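K.L.:
This is the structure, below, for whatever I ask next.
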Amino acid sequence: MSATGVTPAPTVGRPRAFDMEKALQKALEVFWRKGYEGASLPDLCEAMGINKPSLYAAFGNKEQLFLKTIELYENRPCAFFYPALERITSYEVVQHMLCGAASANADPDNPPGCVIVQGALACSESATFVKEALIAKRRAGEVALCTRLEQAKAEGDLPANAEPAALARYILAVLQGMAVQATSGANCAELKQVAETVLAAWPGKRPELE
């Protein structure tokens, strides 16, 4: 209480002394290398340059932090999956996805592989929320690709006997496999060979033939 007998109003907290986006980027790198469960809170705090109370105050718990890093990951300038859906032909859509995956998964400036694929592969029951969130994201990608391939079929870009749902599952399986191969040491050239093999058998029209 002050000398006037009036209790002073609480002081406004100081602004956070760290850059939120940079801290998220550092957390993303830890999750990318170690997976959700492999990344400990001390690992995350050290990488982000903050203590646990600051982490909780800024980002919530570990689950919420992880999901925020996934959002950052999906919206990076080098993200390739959803931009590929805007390509003119189904061949170009798949080409952009597969070649983008080859480059991104083996980028020497980042941990190998895809954080959405490997982030929760070994999650225990305690991390069910994170595992289900990543499954939902992968499923959303499959649905978006299937919708795009259905459009291609309706436009005559894919043959009448093509099955968009099966093709979408196939491409997603290849993308996920490329991510796993990258974590095992496959380089960009080797991953592009996988892409070229898939493209050689793609049922859609080639741009150069149109």
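K.L.:
Does at least one position in the range 35-45 carry a residue that is modelled with pLDDT of 90 or more, outside any loop (DSSP other than H, G, I, E, B), open to solvent by less than 80 Å² (accessible area, probe 1.4 Å) and of a type in the set (D, E, K, R)?
P.N.:
yes
K.L.:
Being outside any helix (DSSP H, G or I) and either open to solvent by less than 90 Å² (accessible area, probe 1.4 Å) or among the hydrophobic types (A, V, I, L, M, F, W, C) (or both) is the filter here; which residues of the range 136-172 pass it?
P.N.:
Of everything in the range 136-172, those that are outside any helix (DSSP H, G or I) and either open to solvent by less than 90 Å² (accessible area, probe 1.4 Å) or among the hydrophobic types (A, V, I, L, M, F, W, C) (or both) turn out to be Gly156, Asp157, Leu158, Pro159, Ala160, Ala162.
K.L.:
Also: Within the range 188-210, take every residue that is farther than 22 Å from Ala152 by Cβ and open to solvent by 70 Å² or more (accessible area, probe 1.4 Å) and give me the one that is nearest to the chain's Cα centre (by Cα).
P.N.:
Among those residues, the one meeting the criterion is Lys192.
K.L.:
Spot the failing condition for Ala57; the list is (1) under 30 Å from Ala168 (Cβ atoms); (2) modelled with pLDDT of 90 or more; (3) exposed (fewer than 13 other Cβ atoms within 10 Å of the Cβ), and only one is missed.
P.N.:
For Ala57, the exception is condition (1).
K.L.:
Please pick out the residue among Ile88, Ile70 that is within 21 Å of Glu155 (Cα to Cα) and in contact (Cβ under 8 Å) with a residue 40 or more places away in the chain.
P.N.:
Ile88
K.L.:
Still on this model: Would you point out which residue out of Val115, Val30 is in the same structural domain as Arg139 (by TED's automatic domain parsing) and either crowded, with 19+ Cβ neighbours inside 10 Å or closer than 18 Å to Ala140 by Cα (or both)?
P.N.:
Result: Val115 is the single residue among Val115, Val30 that is in the same structural domain as Arg139 (by TED's automatic domain parsing) and either crowded, with 19+ Cβ neighbours inside 10 Å or closer than 18 Å to Ala140 by Cα (or both).
The values are calculated or read from the model by the stated rules, or taken from the named source; none is laboratory data. The model shown is predicted, which means the values in this text are computed figures rather than measured ones. Neighbour counts run over all protein chains shown; Cβ positions are idealised from the backbone, glycine included. The accessibility values were calculated without ligands, DNA or RNA, using every heavy atom of the protein model including side chains. Shrake-Rupley method; radii C 1.70, N 1.55, O 1.52, S 1.80 Å.
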